[in-house]
Amino acid sequence: MRLTQTFIGTLAFIAVLLMPFKGTASDPHQEEGGGKFDPKELIDSHVWDSHEFHIADWSGHPITLALPVILWTDNGLTIFSSAEFHHDNSGTHVVEANGQEFVRYREHIFYADRFSQEKFQETSTMGRPFLYEDRPLDFSITKTVFSMILVSLILLLLFSVAARHYKKNKMAPKGVSGFLEPVIIFVRDEIAVPNIGSKYVKYMPFLLTTFFFIWVNNLVGLIPFFPFSGNVTGNIIFTLIMALIVFIITVFSGNKYYWKHILTPDVPKALYPIMIPIEIIGMFTKPFALMVRLFANITAGHIIILSLVGLIFIFETAAISPVSIVFVLFMSVLELLVAALQAYVFTLLAALFIGQAVEEHH
Amino acid sequence: MTGTLAAVGAGLAVIGAGLGIGRIGGSAMDAIARQPEATAKIQTAMIIAAALVEGVALFAVVVALIA
């Protein structure tokens with residue numbers, strides 16, 4: 001009995017894992033392209049950001065949650081719903097708003113009269129164009145921004161429940177706070193205290209926020225159905241901002257020993273022309289490495305899982321699916337570990353850099 | 001052609017990172033076997049070193065993705 005339940009549970013779990021991909025094989029856009037399955041398109045649509053939230057496909061029609069498009073254009077602020085594009089991503093459907101016309105091409109919004117596909121192909125790197133004069137500034141609530149707001153709300157809810165519990169009773173924690181307390185203690189005793197030292201209290205709010213925000217965002221990115229699945233930590237702009245915050249905190253909490261170490265290191269004077277530039281470059285490469293590490297780890301994990309699922313559609317046979325499912329399951333479990341590990345590594349290295357900046361002379 | 005070359009480059013980066021992380025993991029195992037009471041400290045140092053090696057490998061992967 002128990003075994004049957006476990007078996008059915010596992011089947012249901014696998015079904016849920018594969019749910020968002022089910023529609024892709026019969027996607028109408030790919031039918032137009034000769035019915036050929038394009039794994040790159042599948043991966044791109046799941047990994048990169050988007051102006052609408054794709055939920056499922058129902059008999060060839062995509063069901064999406066339209067998110068607001070907020071643009072800063074030549075005529076000022078322009079807001080309209082992304083549903084007005086009617087799922088068009090090829091730059092053909094023109095939307096008129098605030099006296100201007102817009103088209104969308106591969107999730108980039110252009111002024112309709114200035115858009116040309118050839119120019120896009122020529123100037124883009126990784127499908128990202130640099131045609132700033134042809135595009136309005138895009139402040140839209142995209143899928144990533146939506147997920148980020150969602151995770152913030154989840155964290156706010158969890159921590160306010162825990163805080164209320166601590167306010168009410170002085171007993172050993174239970175429930176939500178019972179789950180959160182060991183993690184908070186872990187961040188304090190394993191990350192903050194050994195790396196920052198006695199001044200750790202000032203940096204605890206930042207380290208805890210970083211750890212939980214990255215961790216929960218990683219986990220939410222692994223859940224493959226609406227309203228989750230936004231790839232927040234696999235977005236290089238997100239990791240850029242996180243790393244920038246670490247950089248700013250490090251620079252502004254640096255004491256005189258930190259600056260002395262950079263500007264007048266303990267080496268012969270003849271080596272200064274080499275050492276000082278290296279130390280200054282080092283200030284920037286550390287947060288840069290933080291940025292790339294988190295982005296590449298999470299993006300790589302998502303791409304591997306999607307590629308393994310894509311194998312079924314590439315070989316166009318169900319015989320490959322057991323292999324695919326076993327590997328996807330394995331990778332998903334590994335990604336659960338990576339989600340926590342990357343949050344830990346990011347927080348640990350942030351604490352390490354801050355620790356170097358506030359360290360007293362020894 | 002550049003795509004194939006990029007894939008070869010990514011593979012080479014993976015060899016390097018594999019060797020590096022393998023050595024770190026192996027040495028950490030040795031160290032833990034010798035001094036089990038220092039496990040926590042060794043693990044932290046191991047993860048930091050592994051993260052640094054992995055960071056370099058991921059630079060290569062990102063370059064391969066862009067190419």
- [ ] Considering every residue within the range B:10-22, establish whether at least one is modelled with pLDDT under 85, out of contact with any Asp or Glu (no Cβ under 9 Å at 6 or more places or on another chain) and at negative phi.
- [x] yes
Open item on the list: I need the full set of residues from the range A:326-339 which are crowded, with 16+ Cβ neighbours inside 10 Å and within 14 Å of chain B (Cβ to nearest Cβ), in order please.
Closed with: A:Val338
Task: Out of A:Leu42, A:Leu65, sole residue that is loosely packed, with under 15 Cβ neighbours inside 10 Å, farther than 14 Å from A:Asp134 by Cβ and either not hydroxyl-bearing (Ser, Thr, Tyr) or not assigned by TED's automatic domain parsing to the domain that holds A:Ile237 (or both) - done: A:Leu65
TODO: With respect to B:Ile24, determine if the residue is crowded, with 16+ Cβ neighbours inside 10 Å, more than 13 Å from every other protein chain (Cβ to nearest Cβ) and not small (Gly, Ala, Ser).
DONE: yes
TODO: Say whether the condition of being within 16 Å of the chain's Cα centre (by Cα), among the polar types (S, T, N, Q), within 14 Å of chain A (Cβ to nearest Cβ) and open to solvent by less than 40 Å² (accessible area, probe 1.4 Å) is met by at least one residue in the range B:40-57.
DONE: yes
TODO: State the number of residues belonging to the range A:203-236 that are touching a residue at least 40 places away in the same chain (Cβ under 8 Å) and assigned to a helix (DSSP H, G or I).
DONE: 17
- [ ] Scan A:Ala162, A:Ala192 and give me the residue that is small (Gly, Ala, Ser) and within 14 Å of another protein chain (Cβ to nearest Cβ).
- [x] A:Ala192
Task: Checking A:Thr123 against (1) more than 30 Å from A:Gly76 (Cα to Cα); (2) open to solvent by less than 60 Å² (accessible area, probe 1.4 Å), the condition it does not meet - done: (1)
TODO: Filter the range A:284-311 for residues that are more than 9 Å from every other protein chain (Cβ to nearest Cβ), touching a Gly at 6+ places or on another chain (Cβ under 9 Å) and open to solvent by less than 20 Å² (accessible area, probe 1.4 Å) and give the result.
DONE: A:Leu294, A:Ile298, A:Gly301
Task: Matching residues in the range A:260-281 - criterion: being open to solvent by less than 50 Å² (accessible area, probe 1.4 Å) and of a type in the set (Ser, Thr, Tyr) - done: A:Tyr272
Open item on the list: Checking B:Gly26 against (1) under 13 Å from the mean Cα position of the chain (by Cα); (2) under 21 Å from A:Val292 (Cα atoms), only one condition comes out false. Which one?
Closed with: (2)
- [ ] Sort through A:Gly91, A:Gly76, A:Gly60 and tell me the only one that's open to solvent by less than 70 Å² (accessible area, probe 1.4 Å), touching a Pro at 6+ places or on another chain (Cβ under 9 Å) and not charged (D, E, K, R).
- [x] A:Gly60
Task: Which listed residue is of a type outside the set (Lys, Arg), more than 13 Å from chain A (Cβ to nearest Cβ) and farther than 25 Å from A:Leu349 by Cα, from B:Leu5, B:Leu19, B:Leu65 - done: B:Leu5
Open item on the list: For the structure I just gave you, tell me whether B:Ala60 is surrounded by 16 or more Cβ atoms within 10 Å (Cβ to Cβ), within 10 Å of another protein chain (Cβ to nearest Cβ), out of contact with any Ser or Thr (no Cβ under 8 Å at 6 or more places or on another chain) and over 22 Å from A:Leu348 (Cβ atoms).
Closed with: yes
TODO: Go through (1) within 14 Å of another protein chain (Cβ to nearest Cβ); (2) assigned to a helix (DSSP H, G or I); (3) open to solvent by less than 40 Å² (accessible area, probe 1.4 Å) and name the single condition A:Leu240 misses.
DONE: (3)
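The values are calculated or read from the model by the stated rules, or taken from the named source; none is laboratory data. If you're wondering where the values come from, they're calculated on a predicted model, not measured in any experiment. For neighbour counting, all protein chains shown are included, and Cβ atoms are generated from backbone atoms with ideal geometry for every residue, glycine included. Note: areas computed on protein heavy atoms with side chains; ligands, DNA, RNA excluded. Shrake-Rupley method; radii C 1.70, N 1.55, O 1.52, S 1.80 Å.
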